[in-house]
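Comments concern the structure below.
The values are calculated or read from the model by the stated rules, or taken from the named source; none is laboratory data. Keep in mind the model is a prediction, meaning the values are calculated, not measured. FYI the Cβ positions are ideal-geometry reconstructions off the backbone, even for glycines, and counts take in every protein chain you see. Note: areas computed on protein heavy atoms with side chains; ligands, DNA, RNA excluded. Shrake-Rupley method; radii C 1.70, N 1.55, O 1.52, S 1.80 Å.
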Amino acid sequence: MSRPLIAYIDIAAMQHNLSVVRKEAPRSSIWAVVKANGYGHGLERCARAFIEADGYALTEIEAAVHLRDLGYKKPILLLEGFFSEHELPVIAHYDLEFAVHSEEQIAMLESKVGAPRLKVHLKMNTGMNRLGFKPDQYRAAYDRLKALQSVQSISLMTHMANAEIAAHPQLAVAEQMRRFEEGAKGMDEPRSLSNSATLLLHPEIFSNWVRPGIMLYGGTPGGKTAEAFGVKPAMTLTSELIQILDIDKGEAIGYGSQYVAPHPMRIGVVACGYADGYPRSAPEGTPILVDGIRTRLVGRVSMDMITVDLTSIPDAHFGSAIVLWGDGLPIDEVAEAAGTVGYELMCALSLRPHIVER
Ligand SMILES: *Cc1c(COP(=O)(O)O)cnc(C)c1O
């Protein structure tokens, strides 16, 4: 036996979430986004769970090669493209598709002559102002790629900044689409435009290939709750109470003695801390389940432990079951309390919790 902190990964929930993507985007092919170790759920596990997807999309070439070595034959897309020309032989050898978003990348492609094998995804910057060619530079980039002998196919790609908001006052999805249509005028290659929020909330946008990430893991991209979108939590982080103590009014808890008991309290200590990926920024009041009953964090999160209020849970005992997030407690609620998003909590799960599939 060892420390009772377990992250359960629910393969059936992940399969269900993929089926929600199919239902919401029935005419699209699906890139299952498995970057960042499958949003913290484990790359290989995700590749298995999403075997019905049409391809995998990620950011790390090592992970892409690993999937090929494991025998996965489906298309694999590098969302951030390549970073140096040394990667191009690997990309060609392993038949990886990749985003092209910069002049520098095109120049590297032009400097190499190769068999017509490369499958490029030309990215347009439609207002997010991270990666991609601006609409008025897009045609020139497209023409340069078209002229390359090494390029087998081109796909058209952009990324939405605010798809979870109905009509963002600064940059609405409709405005990004207007820019996209303008920049891609006359190009009839397949398009990949939709992340989770876009495919869930903007069915009017057709993507030949959609790129869902967070919804596959049962998190919400925003706009509505994960439950309202019909997706189920893939990760449930659980632990146990390892100590219970009663404290007097006026006693403080934890580092910094920030929380001072306003009345006599019963406190539980949970084996989970920021070294496990629980956010240190989680404040007093962050929700947590003790034997299925919702209560709240009190005191500062420490490296290996957190402290919770058991005053209203008299039956709590040594070994009581704790849910940090997941089944019964949406990760997005915990994230919101901590001033972040479910994405970050998933990705930040450390190597320390035991992982158990169910
Ligand atoms: C991460 C990523 C996605 C997935 O986004 P979600 O909000 O998790 O659905 C889609 N496209 C690109 C380019 C990404 O980097």
Viscosity 1.567 mPa s, temperature 4 °C: what is the translational diffusion coefficient of region 131-287 from Stokes-Einstein with a Kirkwood Rh over Cα pairs, rounded to a whole number of µm²/s? 64
Report, in whole Å, the centroid distance computed from the Cα atoms of region 196-271 and region 305-358. 6
With a 1.4 Å probe and every protein chain left in place, tell me how much accessible area His121 has, in Å² to the nearest 10. 10
Taking a crude spin-label model, label points 7 Å out from Cα along the C-beta direction, the Ala147 to Asp246 distance in nm is 8.3
Rg and Dmax of the chain over Cα atoms: what are they, in angstrom? 23.3, 77
Accessible area per residue of the chain at 1.4 Å probe, in Å²? 44
Hydrodynamic radius of region 1-77 per Kirkwood, over alpha carbon pairs, in Å: 13.2
Descending Cα extents along the principal axes, region 216-292, whole Å: 45, 25, 24
Please report the projected area of region 235-357's Cα convex hull averaged over all directions, in nm². 6.9
The simple spin-label model distance between His93 and Thr340, using points 7 Å out along Cα→Cβ, in nm, is 3.6
Multiply the residue separation of Gln170 and Glu357 by 0.36 nm, subtract the distance between their alpha-carbon atoms, and state the gained length in nm to one decimal. 63.1 nm
Where N is the number of residues in region 88-201, Cα Rg divided by 2.2 N^0.38 Å: 1.12
Gain on full stretching of the segment that runs from Val113 to Ser19 - 0.36 nm per residue minus C-alpha separation: 29.7 nm
How much of the accessible area of the chain, in percent, comes from carbon and sulfur atoms when a 1.4 Å probe is used? 53
Based on the Cα atoms of region 309-358, what semi-axes does the equivalent ellipsoid have, where each is the square root of 5 times one gyration tensor eigenvalue, given in whole Å with the largest first? 23, 17, 10
Ratio of the Cα radius of gyration of region 62-102 to 2.2 N^0.38 Å, where N counts its residues: 1.10
Where only C-alpha atoms are counted, convex hull volume of region 141-180 per residue in Å³: 79
Using protein chains only and a probe of 1.4 angstrom, how many square angstrom of His86 are accessible, to the nearest 10? 140
Compute the whole-percent fraction of alpha carbon pairs in region 11-219 spaced more than 29 Å apart. 22
What FRET efficiency do you get for Ser102 and Phe318 if R0 is 56 Å and r is their Cβ-Cβ distance, rounded to the nearest 0.05? 0.50
Among trypsin sites (Lys or Arg not before Pro) in region 48-128, those in a DSSP loop whose Cβ has at most 10 other Cβ atoms within 10 Å are Lys73
Using protein chains only and a probe of 1.4 angstrom, how many square angstrom of Glu175 are accessible, to the nearest 10? 50
